[in-house]
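Quick notes on the structure that follows.
The values are calculated or read from the model by the stated rules, or taken from the named source; none is laboratory data. From a predicted model like this one, the values you see are computed outputs, not experimental measurements. Here the Cβ is made from the backbone with ideal geometry for all residues, glycine too, and neighbour counts use every protein chain on show.
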Amino acid sequence: MLSLISAEMLKIRKRRATWIMFGIFLAFLAFIIIGIGQIVFGEGGADSEDLAPANAALRFPVGYGALLQFVAEMGRWIVIVFATMVVGSEYSWGTVRQVMARGASRNRYLTAKLAAIVFSALVGMLLTLLVGAGLMVVGDLLANGWDPILPDGFFVDLAVDSLRTLAVLSVFALVAFCIAVLTRSAAGGLGLGLGYLFVEAILQPIFRAIGGFWADLADFLLTSLASAAMAGNALGAGEFFGDGDSGFGTGGMEPGTAGLYLLLHGVVLLAISVWVFNRRDITGSD
């Protein structure tokens, strides 16, 4: 099993697309923390009551709340592309049959794929936290306001919140994982995975505007559940970035309840992937 996981990690490291996606992600992160931070500070955010929440939410170490929220929001798009690339490309290249021919069981193969995806997401998150800290410090120094003092329990809160964020991203990775297995292609996983997020983004405000049953249904959409789970983070994103009484616009579902529904989604998606992969002939993309 470890050899399979190591082989998957090697392929991930050698893919240029992996580093391109991560680089784009960090570029957006730098723009938000430093670019928007300096715009807010330049507009008098340090003294303005209206802009003070935005200014405070981007400062070290409080900015970690907004950082994790950004990781959850933008990261879901990235992990869908990433998981599709890891799983679907094997069908496109025809390498999945070669791996099976070398004696690897189907369940071990899928487990190695999923483990490599989650571990890569974990490494990416750790690097993001480190880079984010540096960006926040740079932004604070540019604004002449760096405060290196950390609140009590900060590292515990950061660790728990980061693991929660990783768990949320893993569910979206399973969406792409399942679709790529079902369609046996990277294109299918990418198109349907990203399309799913687009459709949810359109349906969610429509359902909430209609109200009643449809508003309740919107609470159970995957993105709504993810936002509700993220509302349980101890390091809040601040009122300026949506951390208010609305629970990130989720309808008020408790974070623990949302987490259980996300776990159910993940189990179902994984079960479908395993069942289909074990019952179907191993071929390339149709």
Item to check | Qualifying positions in segment 205-234 - free of Cβ contacts under 8 Å to residues at least 40 places away in the same chain and in contact with a helix residue (DSSP H, G or I) (Cβ under 7 Å, 6 or more places away or on another chain) | outcome: 207, 214, 215, 217, 218, 221, 224, 228, 231
Item to check | Residues located in segment 134-162, provided they are under 22 Å from residue 28 (Cα atoms) and at pLDDT 85 or above | outcome: 134, 158, 161, 162
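Scan segment 34-54 and tell me whether some residue there is on the phi < 0 side of the Ramachandran plot, surrounded by 24 or more Cβ atoms within 10 Å (Cβ to Cβ), assigned to a helix (DSSP H, G or I) and at pLDDT below 75. Quick ask: steps written out before the conclusion?
Within segment 34-54, the first condition is being on the phi < 0 side of the Ramachandran plot, and the residues that meet it are 34-43, 45-54.
Adding the requirement that they be surrounded by 24 or more Cβ atoms within 10 Å (Cβ to Cβ) leaves 37.
Filter once more, keeping what is assigned to a helix (DSSP H, G or I): 37.
Add one more test, that the residue is at pLDDT below 75, and what stays is 37.
Yes, there is a match, as at least one residue in segment 34-54 is on the phi < 0 side of the Ramachandran plot, surrounded by 24 or more Cβ atoms within 10 Å (Cβ to Cβ), assigned to a helix (DSSP H, G or I) and at pLDDT below 75.
Return a yes/no flag: does segment 196-203 have any residue that is buried (at least 22 other Cβ atoms within 10 Å of the Cβ) and on the phi < 0 side of the Ramachandran plot. Walk me through how you get there before you give the answer.
Initially, segment 196-203 is screened for residues buried (at least 22 other Cβ atoms within 10 Å of the Cβ), giving none.
Looking for residues that are buried (at least 22 other Cβ atoms within 10 Å of the Cβ) and on the phi < 0 side of the Ramachandran plot, one finds none in segment 196-203, hence no.
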